[in-house]
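Each remark here refers to the structure printed beneath this line.
The values are calculated or read from the model by the stated rules, or taken from the named source; none is laboratory data. Predicted model, so just to flag it, every value in this text is computed and none were measured. Backbone-built Cβ (ideal geometry, glycine too); neighbour counts: all protein chains shown. These area figures cover heavy atoms from the full protein model, side chains too; ligands, DNA and RNA do not enter into them. Shrake-Rupley method; radii C 1.70, N 1.55, O 1.52, S 1.80 Å.
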Amino acid sequence: MADTKSHSNFVISDNKKRSGSDDFDDSNNFMTTKKQMLFPSSTHDDPAASLAAARHEFGEHGGVNMSIEASATFTVMEPETMRRMFSGELGPDRDFFIYSRHFNPTVLNLSRHMAALEFTEAAYCTSSGMAAISSVLLQLVSSGGHMVASSALYGGTHALLTHFLPRACNITTTFVDINDLEMVKNAMVLGQTKVLYFESVSNPTLRVANIPELSRVAHEKGVKVVVDNTFAPMVISPARLGADAVVHSISKFISGGADIIAGAVCGPASLVNSMMDLHQGTLMLLGPTMNAKVAFELSERIPHLGLRMKEHCHRALVFATRMKKLGLKVIYPGLEDHPNHNLLKSFGNKDYGFGGLLCVDMETEERANRLMNHLQNTTQFGLMAVSLGYYETLMSCSGSSTSSELNAEEKALAGISPGLVRMSIGYIGTLEQRWSQFEKALSRMQDSATFNKY
């Protein structure tokens, strides 16, 4: 990992703006600022309360919304200041900025909210979820290093670990059943394994990881734990359960509009600052930079994330329960017969339910496609599209779409059947209206199946 000494106070910012000169007031010291910006779990149990307590950035002229700092580069008042910034003596903690590939004020503000959401000391946002994942892994694992990862992962992440990192970086990964603690423990090699990587709720099989126990096992062997929490913002808080870093595809639930590609890395200030190090930082040198205008847009959406997540989760539970009563094979952590139901119930954040996604296993791809066709084109229950967290219900057959990077053996190991339909449950329209559309589509599908027998 990069040396962070020269940039140790970059990501924590106070409310004091830089004055007209570049004078530096040591009385306004870093430790005071740091205490103001930490998000200890003992202060707030609810992520919504943590978000509400985060620093509010006002606009340049007193506007209730922050201003957009669209500048690529930033001026200084005195020539000597530039040297002090590049040496790490002055930084964003004092409102000194160099260049927006490094730190940008608007992106930094969104990052503070991501840190509050995940109860971490710091965070920084990226141009995509895959940028966040690849950047944090490359920061933590050097050439020749080893990782252990869940066999049930988003297809793009699986491809990164299986194909790209071994070829380009000489980094290898051992895939395991993340629910088999003994298997996970045996796969980690003391002194060689650097990262244990998994999703809080697996894509698309919706298995819930035992984050506290996995973190304990990993830390016993000196391994860092990185958790992708894209499927469960507000629902699960991995850092409070022992994870060292949390990554997100903000494009999904956090954005909520299916119109933005973005990501985030949340964790200790030492990690985030190392990723911004001028000499060895992956965020700085690989350049997965978030546009300031995108950061502003997302900052306006985070305040109502809690309300949206509660409705996503509520409808998912109702639909999953009713689908099961119809005799469908449903996978949803909120159902009592789900193997990880009690686990999620034990550490999930109160009042946020069990997630906004469910799966219906239609056994074959042909039956899955017929169901989705009726749901979209006959009754308008939802849309056939990848991604998740949209206000409309989104449906896809995972094996032939978002998990298509896995071969047949890898899909079998991950528990992905050919007919697995993943549904991200939306909240537009009334619940009963949408349920009626589902029932009609299922009835139409069954009627056509009966007709085709003759």
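Give Thr173, Thr157 a once-over and let me know the one that is part of a strand (DSSP E or B), at pLDDT 95 or above, within 24 Å of Gly415 (Cα to Cα) and open to solvent by less than 60 Å² (accessible area, probe 1.4 Å).
Numbers: Thr157 fails: part of a strand (DSSP E or B).
Going through Thr173, Thr157 in turn, the sole match is Thr173.
Which residue out of Ala239, Ala232, Ala264, Ala295 is buried (at least 24 other Cβ atoms within 10 Å of the Cβ), hydrophobic (A, V, I, L, M, F, W, C) and in a loop (DSSP other than H, G, I, E, B)?
Of Ala239, Ala232, Ala264, Ala295, the one residue that is buried (at least 24 other Cβ atoms within 10 Å of the Cβ), hydrophobic (A, V, I, L, M, F, W, C) and in a loop (DSSP other than H, G, I, E, B) is Ala232.
Count, please, the residues in the range 309-345 that happen to be touching a residue at least 24 places away in the same chain (Cβ under 8 Å), farther than 17 Å from Asn179 by Cβ and not in a loop (DSSP other than H, G, I, E, B).
15
What are the residues in the range 64-75 that are among the β-branched types (Val, Ile, Thr) and either free of Cβ contacts under 8 Å to residues at least 24 places away in the same chain or open to solvent by less than 30 Å² (accessible area, probe 1.4 Å) (or both), if any?
Val64, Thr75
Could you give every pair whose Cβ atoms fall below 9 Å, whose first residue belongs to the range 47-63 and is touching a residue at least 40 places away in the same chain (Cβ under 8 Å), and whose second residue is surrounded by 12 or more Cβ atoms within 10 Å (Cβ to Cβ) and of a type in the set (Lys, Arg), counting only separations of at least 6 or pairs across chains?
Ala54/Arg112; Arg55/Arg112; Glu57/Arg112
How many of the residues in the range 86-112 are in a helix (DSSP H, G or I) and over 20 Å from Thr289 (Cα atoms)?
Count: 1.
When you scan the range 197-224, how many residues do you find that are farther than 27 Å from Leu317 by Cβ, more than 16 Å from the chain's Cα centre (by Cα) and of a type outside the set (Lys, Arg)?
Number satisfying all stated conditions: 7.
Would the range 133-142 turn up any residue that is farther than 30 Å from Met234 by Cβ, in contact with a Cys (Cβ under 9 Å, 6 or more places away or on another chain), not acidic (Asp, Glu) and not in a helix (DSSP H, G or I)? Show your work before the answer.
Our first condition is that a residue be farther than 30 Å from Met234 by Cβ; within the range 133-142, this holds for 142.
With the extra rule that they be in contact with a Cys (Cβ under 9 Å, 6 or more places away or on another chain), the set shrinks to 142.
Going one step further and asking which of them are not acidic (Asp, Glu), we end up with 142.
Now restrict to residues that are not in a helix (DSSP H, G or I): 142.
Yes, the range 133-142 has at least one match.
Take Arg167 and decide whether it is charged (D, E, K, R) and surrounded by fewer than 22 Cβ atoms within 10 Å (Cβ to Cβ).
yes
What pairs come out if I take residues in the range 174-195 that are over 22 Å from Val208 (Cβ atoms) and among the hydroxyl-bearing types (Ser, Thr, Tyr) and pair them with residues that are open to solvent by less than 70 Å² (accessible area, probe 1.4 Å) and at pLDDT 95 or above whose C-beta lies under 7 Å away, six or more apart or interchain?
Thr193/His146; Thr193/Met147; Thr193/Val148; Thr193/Lys221; Thr193/Val223
Please enumerate the residues belonging to the range 87-107 that are under 24 Å from Ser127 (Cβ atoms), in contact with a Leu (Cβ under 9 Å, 6 or more places away or on another chain) and either surrounded by fewer than 16 Cβ atoms within 10 Å (Cβ to Cβ) or not hydrophobic (A, V, I, L, M, F, W, C) (or both).
Within the range 87-107, Pro92, Arg101, His102 qualify.
What's the number of the condition His279 fails, among (1) modelled with pLDDT of 95 or more; (2) open to solvent by 10 Å² or more (accessible area, probe 1.4 Å); (3) more than 25 Å from Lys345 (Cβ to Cβ); (4) not hydrophobic (A, V, I, L, M, F, W, C)?
Single failed check for His279: (1).
Could you tell me which numbered condition His219 fails, if it satisfies all but one of (1) over 25 Å from Ile171 (Cα atoms); (2) free of Cβ contacts under 8 Å to residues at least 24 places away in the same chain?
All conditions pass for His219, except number (1).
Of these, Val189, Val227, Val223, which one is over 25 Å from Gly256 (Cβ atoms), surrounded by 23 or more Cβ atoms within 10 Å (Cβ to Cβ), aliphatic (A, V, I, L, M) and in contact with a strand residue (DSSP E or B) (Cβ under 7 Å, 6 or more places away or on another chain)?
Val223
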